[in-house]
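Okay, structure first, notes after.
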Amino acid sequence: MNQTILLKSRPQGTPQLSDFEFQKEAENLEITDGEILLETKYISVDPYLRGRMSDAKSYVPPFNLNEPISSGIVAQVKASKNNDFKEGDFVSGLLNWKTEQISNGQGLTKVSADLAPLSAYLGVLGMTGLTAFLGLQEIGKPKAGETLLVSGAAGAVGSVVGQLGKILGLRVVGIAGTDEKVALLKNDFGFDEVINYNTTPDMAKAIQDTCPDGVDVYFDNVGGPISDAALFSINRFARIIICGAISVYNKTELPTGLSVQPFLVKNSALMQGFIVSNYAEKFPEAIKQLSQWLSKDQLTYTETIVEGFENTPQAFLDLFSGKNKGKMIVKI
Ligand code: NAP
């Protein structure tokens, strides 16, 4: 029985399980020349999918209603009539939320379970690892001795950003939502300081206290009041990477906050939006570097693995209440 998850309605505010619909098809999928039959093994759920569920103009087209949702997936080739793939191969790429599907192989990359656990190709060796590496390098331009502040620090992107900061010789301060995440970041990922934004009454002061020399690079995954607070600590020539804004993705009214201009002018600071796909030509080099650090144990990662295709929508919803540590992945 092949199963598919469709977008049933465009979420209003926080997405609900009722925005998704399951469909089952009994007939066997038959491939023709040039095609492969894929069996899904791991599904990546990502905050950016929220944007594609609305029909507002963005850098990627919206999902269509009553059609499958798609995201990063690792799948195994069950049958092949395509010379580039053989039965048993594992591939990674943008695929539909289906337990089985047919592909012509375009846009798929072969991945090997011998080099890394398959789920890692959706995280540290996939889109989120690339985002951390390229966002930090290309916009952050980090220099040893500087202070790096990271919001969403215990998530897939943030936990890698902080470690890269340490590898490059920066002082790294993280912001996360629970004491358990604070402990993880300090003990396992080498962050120098971590602020729990849910138990800190004055974020601007907490950032000033933990970044006594100011903030040179701010890697922003969350936006909103946390990022407003960070502006009070930015240094002259600071670089602010706007990677994401999860705190406002579910807002139904246009969010308001500080006017950033005086902070940027006063400090000659740079604030720039980052989209990982703009840097596609740098992916092979970035993956090579991330793989090297992983193999030398200079870089590590954590995952929250949810079991069962039927739990994919809930795993996606749980990103917005911080249930994940590191990359949120569904194992089929
Ligand atoms: P993630 O951080 O693994 O998961 C989301 C985390 O966000 C949650 O665990 C939660 O942690 C935190 N969060 C949720 N609601 C929040 C709120 N209201 N305020 C503060 N924190 C909140 O997700 P990810 O995949 O690594 O993505 C992180 C950010 O990067 C997202 O904004 C995403 O859209 C963006 N991104 C951008 C690109 C790009 O190319 N621009 C690529 C990948 C990801 P706490 O418990 O700490 O709250």
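Rundown of residues vs (1) closer than 30 Å to T178 by Cβ; (2) at pLDDT 95 or above; (3) assigned by TED's automatic domain parsing to the domain that holds T252, yes/no style:
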| site | (1), (2), (3) |
| --- | --- |
| L38 | no, yes, no |
| V77 | no, yes, no |
| I102 | no, yes, no |
| K110 | no, yes, no |
| G135 | yes, yes, yes |
| E138 | no, yes, yes |
| K141 | no, yes, yes |
| E146 | yes, yes, yes |
| A154 | yes, yes, yes |
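Can you spot a residue in the range 204-222 that is within 22 Å of Q298 (Cα to Cα), in contact with a helix residue (DSSP H, G or I) (Cβ under 6 Å, 6 or more places away or on another chain) and open to solvent by 20 Å² or more (accessible area, probe 1.4 Å)? No, the range 204-222 has no match at all.
For beta carbons closer than 7 Å, sequence separation of 6+ or different chains, a first residue in the range 274-287 that is within 8 Å of the ligand (Cβ to nearest atom) and a second that is modelled with pLDDT of 95 or more and not in a helix (DSSP H, G or I), the qualifying pairs are F274/I241; F274/I242; F274/C243.
Between a first residue in the range 226-254 that is touching a residue at least 12 places away in the same chain (Cβ under 8 Å) and a second residue that is in a strand (DSSP E or B) and hydroxyl-bearing (S, T, Y), which pairs have beta carbons less than 6 Å apart while being 6 or more apart in sequence or on different chains? Filtered contacts from the range 226-254: A230/Y218; I240/Y218. When I5 is tested against (1) within 16 Å of the ligand (Cβ to nearest atom); (2) open to solvent by less than 80 Å² (accessible area, probe 1.4 Å), only condition (1) is not met. Looking only at residues in the range 164-182 that are touching a strand residue (DSSP E or B) at 6+ places or on another chain (Cβ under 8 Å) and more than 10 Å from the ligand (Cβ to nearest atom), the one that is most open to solvent (accessible area, probe 1.4 Å) is D179.
If the requirement is being among the hydroxyl-bearing types (S, T, Y), surrounded by 17 or more Cβ atoms within 10 Å (Cβ to Cβ) and more than 11 Å from the ligand (Cβ to nearest atom), which of these qualifies: S151, S112, S159, S92? Full working, then the answer.
Working: S151 fails: more than 11 Å from the ligand (Cβ to nearest atom); S112 fails: surrounded by 17 or more Cβ atoms within 10 Å (Cβ to Cβ); S159 fails: more than 11 Å from the ligand (Cβ to nearest atom).
Within the list S151, S112, S159, S92, the selection yields S92.
Does the range 246-261 contain at least one residue that is surrounded by 17 or more Cβ atoms within 10 Å (Cβ to Cβ), more than 8 Å from the ligand (Cβ to nearest atom) and not in a strand (DSSP E or B)? No, because not a single residue in the range 246-261 is surrounded by 17 or more Cβ atoms within 10 Å (Cβ to Cβ), more than 8 Å from the ligand (Cβ to nearest atom) and not in a strand (DSSP E or B). Within the range 207-225, the set of residues being part of a helix (DSSP H, G or I), on the phi < 0 side of the Ramachandran plot and touching a residue at least 12 places away in the same chain (Cβ under 8 Å) comprises I207, Q208, T210, P225. The requirement of being open to solvent by less than 60 Å² (accessible area, probe 1.4 Å), more than 16 Å from L319 (Cα to Cα), within 15 Å of the ligand (Cβ to nearest atom) and in contact with a Leu (Cβ under 7 Å, 6 or more places away or on another chain) is fulfilled somewhere in the range 229-239, by at least one residue.
The values are calculated or read from the model by the stated rules, or taken from the named source; none is laboratory data. This one's a predicted model, so the numbers in the text were calculated from it and none came from an experiment. Here Cβ is always computed from backbone atoms with ideal geometry, including for glycine, and neighbour counts include all displayed protein chains. Quick note on the areas: whole protein, heavy atoms, side chains included, nothing else; ligands and nucleic acids left out. Shrake-Rupley method; radii C 1.70, N 1.55, O 1.52, S 1.80 Å.
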